[in-house]
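Engineer: Quick one: this structure, given as structure tokens, is what I'll be asking you about.
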Amino acid sequence: DNPMDMAELFQKGDLGLDKTAIGDYLGEDKPFNKAILYALVDSRDFSGQELAYSLRNFLAIFRLPGEAQKIDRMMEKFAEKYCQDNPDVFANADCAFVLSFSLIMLQTDLHNPGVIKKMTRDEFVRNNRGINNNSDLPKEYLESLYESIVANPIALKEDEEMRHRVESQAANSQWQKQDLFMRESESMVAKTAEMMKEKSKSSKNPVYVAAQSVEHVRPLFEVACWPYLATLAVLLEMSDDTAGTVELCIEGFKHCIRIAARFDMDTERDAFVSSLAKFTYLTTVKEMKQKNIECIKALLSIGLSEGNNLGPSWQYVLFCISQLQRMELLGTRGKQDFQFFGDEEVGSSPQQAQRSMSIKGGEVVKRR
């Protein structure tokens, strides 16, 4: 029966509570329901945060109800708390209320597939004129809010995961999958940038410590190396732009191998070298392209520069050299290996000599 206890319960995402039901419950115009809503909002700290960021975190707790009156009650309390934590941003709570409601409408307009004509940035700025106690908010501020909603929609985590699953299942062609991958990557970058920006603003006395020792690289690389490997491998597989993406990916492989090799990170080093060796296409019958040739050059370069630290990964470099030598022999019609073992039978006919060579060649293969 304690509103604060109920508010804490609703904020625990690991309980599996229905967020639609939570939204409907909090929006009810009953004293106890409103007390829970107020306790929930008052428990949040919006100090130093952008309005869109605070609104996104607030709406991550529940799904907005369909009734406008319920949404009004929620946004009214949210705007009051936001202005209380940030007294110098808006002239009054009414401005925060109107702008929050405007952001929710913008979210629906931009990210609802049923809306054909999307609201432009200028239209959003024009719709929010004079809301700050009959004064205009800075145009740059409104534009930044618009771009924030474009890059990072206000949506529940569950809804986003479901949407990504549906889009992934519907993507059949390589171009659709690549477009989906690029959009998800851009969204991740935008979310990360916004979180870092908000964190720096909310910190009263931000402190940045410069690394003084090269040993700091090792723990950072241990955490980041596997996402690096996955990203580089996928991009190198999908792209044929040798002068752009491919060149950057190969450089990324070389740098990661150097870091892993010089810090004696055997597992990471072997993973990057084997992955780069796979893109040489020397072990397959696939058609070799320019990017595969560049991968061969990169692998040989790694052998020259990091030879003392490659360890077991030398096998990939040596196999590359062996395959290149074999291809050269085939191209120049040079002697095969078995022709260098034993003397040719003197005085035998050409047919007998050829038969003898074939038998000796077979013996060499068997001994190997």
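Engineer: Taking 7 Å along the Cα-to-C-beta vector as the label spot, tell me the Lys12-Glu184 distance in nanometres, rounded to one decimal.
Structural biologist: So the two model labels end up 3.1 nm from each other.
Engineer: Can you tell me the relative contact order of the stretch 46-137? Whole percent, Cα pairs under 8 Å, sequence separation 6 or more.
Structural biologist: 25
Engineer: For a quick check of understanding: with a 1.4 angstrom probe and all protein chains in place, what accessible area in square angstrom does Ile22 have, to the nearest ten?
Structural biologist: Its accessible surface works out to 10 Å², give or take rounding.
Engineer: With every protein chain kept in the model, how would you rank Trp314, Trp226 by accessible area, 1.4 Å probe, largest at the top?
Structural biologist: The ranking, largest first, comes out as Trp226, Trp314.
Engineer: How large, in Å, is the stretch 28-93 by the Kirkwood hydrodynamic radius built from its alpha-carbon pairs?
Structural biologist: Result for the stretch 28-93 stands at 12.4 Å.
Engineer: A further question follows. If you stretched the chain out fully between Thr231 and Lys30, how much longer would it get, using 0.36 nm times the residue separation minus the C-alpha to C-alpha distance?
Structural biologist: Taking Thr231 through Lys30 to full extension adds about 67.2 nm, to one decimal.
Engineer: Could you give the distance between the Cα centres of the stretch 264-300 and the stretch 4-30, to the whole Å?
Structural biologist: 52
Engineer: Using a 1.4 angstrom probe with every protein chain in place, what is the largest-first accessible-area order of Tyr53, Tyr25?
Structural biologist: Ranked from most to least accessible, the order is Tyr25, Tyr53.
Engineer: Using a cut-off of under 13 Å, list every residue of the stretch 285-325 whose amide N is near the label point 7 Å from the Cα of Ser274 along the Cα-to-beta-carbon line.
Structural biologist: 312-316, by backbone N distance to the label point.
Engineer: Once you keep just the Cα pairs under 8 angstrom separated by 6 or more residues, what percentage relative contact order results for the stretch 241-322?
Structural biologist: Relative contact order comes out at 33 percent.
Engineer: Let me ask you something else. What is the stretch 7-71's relative contact order, in percent, from Cα pairs under 8 angstrom and six or more apart in sequence?
Structural biologist: Across the stretch 7-71, relative contact order equals 47 percent.
Engineer: Right, here's the next one. Starting from the 7 Å offset along Cα-to-Cβ, what nm value, one decimal, do you get for the label separation of Lys117 and Gln315?
Structural biologist: Going from the Lys117 label point to the Gln315 one covers 6.6 nm.
Engineer: Mind giving me the nanometre distance, one decimal, between the label points for Val214 and Tyr141, set 7 Å out from Cα along Cα→Cβ?
Structural biologist: So the label points at Val214 and Tyr141 sit 4.9 nm apart.
The values are calculated or read from the model by the stated rules, or taken from the named source; none is laboratory data. On a predicted model such as this, the values are computed, not experimentally measured, just so you know. Backbone-built Cβ (ideal geometry, glycine too); neighbour counts: all protein chains shown. Accessible surface is based on the protein model in full, side chains and every heavy atom, while ligands, DNA and RNA are left aside. Shrake-Rupley method; radii C 1.70, N 1.55, O 1.52, S 1.80 Å.
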